[in-house]
1. Do any helices (runs of 4 or more DSSP H) entirely within region 74-123 hold 1 or more residues that are touching a residue at least 24 places away in the same chain (Cβ under 8 Å), outside the structural domain of VAL344 (by TED's automatic domain parsing) and touching a Lys or Arg at 6+ places or on another chain (Cβ under 9 Å), and if so, which?
2. Where residues in region 284-313 are in contact with a Gly (Cβ under 8 Å, 6 or more places away or on another chain) and surrounded by fewer than 21 Cβ atoms within 10 Å (Cβ to Cβ), which of them is nearest to LEU101 (Cα to Cα)?
3. Across region 42-72, what is the number of residues that are buried (at least 16 other Cβ atoms within 10 Å of the Cβ) and modelled with pLDDT under 90?
4. What residue, of VAL393, VAL397, VAL352, VAL344, is touching a Pro at 6+ places or on another chain (Cβ under 8 Å), modelled with pLDDT of 95 or more and among the β-branched types (Val, Ile, Thr)?
5. Please enumerate the residues belonging to region 325-342 that are under 21 Å from PRO32 (Cβ atoms) and either without any contact (Cβ under 8 Å) to a residue 60 or more places away in the chain or of a type in the set (D, E, K, R) (or both).
6. Out of curiosity, is GLY335 at positive phi and assigned to a loop (DSSP other than H, G, I, E, B)?
7. Is it true that some residue in region 35-53 is more than 25 Å from ILE338 (Cβ to Cβ) and in a helix (DSSP H, G or I)?
8. Restricted to region 223-264, and to residues that are part of a loop (DSSP other than H, G, I, E, B) and surrounded by fewer than 18 Cβ atoms within 10 Å (Cβ to Cβ), which residue is modelled with the lowest pLDDT?
Amino acid sequence: MDKKYLSLTSALAALVFTVPFAVAAQADTAAPVTITVGTWGSSPAETAALNDTIATFESRNPGIAVNLQVDTGNYETDMAAKFASSTPPDAFYLNSSDSQLWQQQGVLADLTPFIAASKFSTSAFNPSYLTPYSQGGQIIGLPKDSNPLVLEGNSILMKEAGITALPTTIKQFDAQAKLLLAKKILPMCVDADINRLGAWMVAFGGGISDASNTKSLLQSKGSVAAMTWIMNNYKTGVFKTPAQISEGWAGSAFGNGKCAYTMEGAWLDPSVQGQNPKIFKAMVKGPLPTATQSGSLAFTAAWAMAKSSTHQDAAWTFIQYMESARGMTVWTSYGVAIPSRTDVGTPFGYAVNSQVAAMKTTKTTPSFPAWNNVITAFNNAAKAQIQNKKFVVATAVKEILAAGQAAWKTT
């Protein structure tokens, strides 16, 4: 064979093997795509959990860097400003209460094409958690976790009043409240918020909304009965709002030992653990006391993508990981929330939260464009009544529920 031919062949072969290697080497040293990720922060524990989960994502996706932006102010207001200025994060938390309003405003990307292209299955998600984010043939978010309200008790304060176990019925709760008040211990700190008090409406056989979110249950017989019991508790001092005891939220009041009971989600556990380890060790959890039935409210939030994002492929890669069984396992292992996927195990210490989430009478909070208007109207009316220490229970109940119902009509 001609030596020139051999030389040419060898040179070409060297070129074939060398060029791809050079391209690969260049790609390996290229700067990663940076996406911004926006969240709220309920506690330092949540931010720590996010940072660690994001670190596992980046280790598996070296071509994508995440710039985490934790909003400690008013998340909805701040996001509205970012949408208006076309500077939203690429991926971000989407509260179920905002989902349909933001979709209506056209600021959310439809994830359906990304889900189809990557063959990402949504079958493992609890259907009720998907509902707020599945509208008009579009999927505008995927539920990142879930959080039902449970009853948390301080066993140290309970013991002072001679109480050995959490109440399981309203009748037991009422009896224990008298024992606690006799020892000058506040029985329950709970904000006058429909997203807390609504759980009692469910327990009394009423509720906030029907399953389709088209019919209000605020003025149903069960909801009226629940609100009558609630407002009587505020009037007699069994319930107090955080503001009444100089606290920012019920969780901090509980962590400071100012109340025997509160009703929060899994986010309370790491918060109290960081705030007061002694009370955390003394904390016991159970379902909310039953009235005519057991019942609670569950919250879910999603990961969503900005329609205006210029890094949608990278943002989807991030969302896909966070919503996968692996990513959700890492995220929920920190105890801020429990999984929204049925194929992810419940973290240790959160069996009660998972038990309540699985109850048929645990209702996911409503989601429709004017839901935030209902929240504002109900909460403002409730707080106004409580501030007037001489309020008449029947009148207060009527006015609070009427305010919420009036706002409902704007949907």
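The values are calculated or read from the model by the stated rules, or taken from the named source; none is laboratory data. All figures in this text were calculated on a predicted structure; none of them were measured in a lab. Because the Cβ atoms are built from the backbone with ideal geometry, glycine has one as well, and the counts that use them run over all protein chains shown.
1. Details: elements: 75-84, 96-104, 112-117.
Where helices (runs of 4 or more DSSP H) fall fully within region 74-123, none carries at least 1 residues being touching a residue at least 24 places away in the same chain (Cβ under 8 Å), outside the structural domain of VAL344 (by TED's automatic domain parsing) and touching a Lys or Arg at 6+ places or on another chain (Cβ under 9 Å).
2. Of everything passing the filter in region 284-313, LYS307 is nearest to LEU101 (Cα to Cα).
3. Total meeting the criteria: 6.
4. Numbers: VAL393 fails: touching a Pro at 6+ places or on another chain (Cβ under 8 Å); VAL397 fails: touching a Pro at 6+ places or on another chain (Cβ under 8 Å); VAL344 fails: touching a Pro at 6+ places or on another chain (Cβ under 8 Å).
Just a single option satisfies the conditions, and that option is VAL352.
5. Step one: of region 325-342, the residues under 21 Å from PRO32 (Cβ atoms) are 326-327, 330.
Of everything in region 325-342, just one residue is under 21 Å from PRO32 (Cβ atoms) and either without any contact (Cβ under 8 Å) to a residue 60 or more places away in the chain or of a type in the set (D, E, K, R) (or both), namely ARG326.
6. Details: at positive phi: yes; assigned to a loop (DSSP other than H, G, I, E, B): yes.
Considered against the rule, which asks whether it is at positive phi and assigned to a loop (DSSP other than H, G, I, E, B), GLY335 comes out as yes.
7. If we filter region 35-53 for residues that are more than 25 Å from ILE338 (Cβ to Cβ), which is where we start, we get 35-36.
Filter once more, keeping what is in a helix (DSSP H, G or I): none.
No: zero hits.
8. Let us first name the residues in region 223-264 that are part of a loop (DSSP other than H, G, I, E, B), namely 237-238, 241, 246-249, 256-260.
Adding the requirement that they be surrounded by fewer than 18 Cβ atoms within 10 Å (Cβ to Cβ) leaves 237, 246, 248, 256-257.
On the way: GLY237: 98, SER246: 98, GLY248: 94, ASN256: 98, GLY257: 98.
This residue is GLY248.
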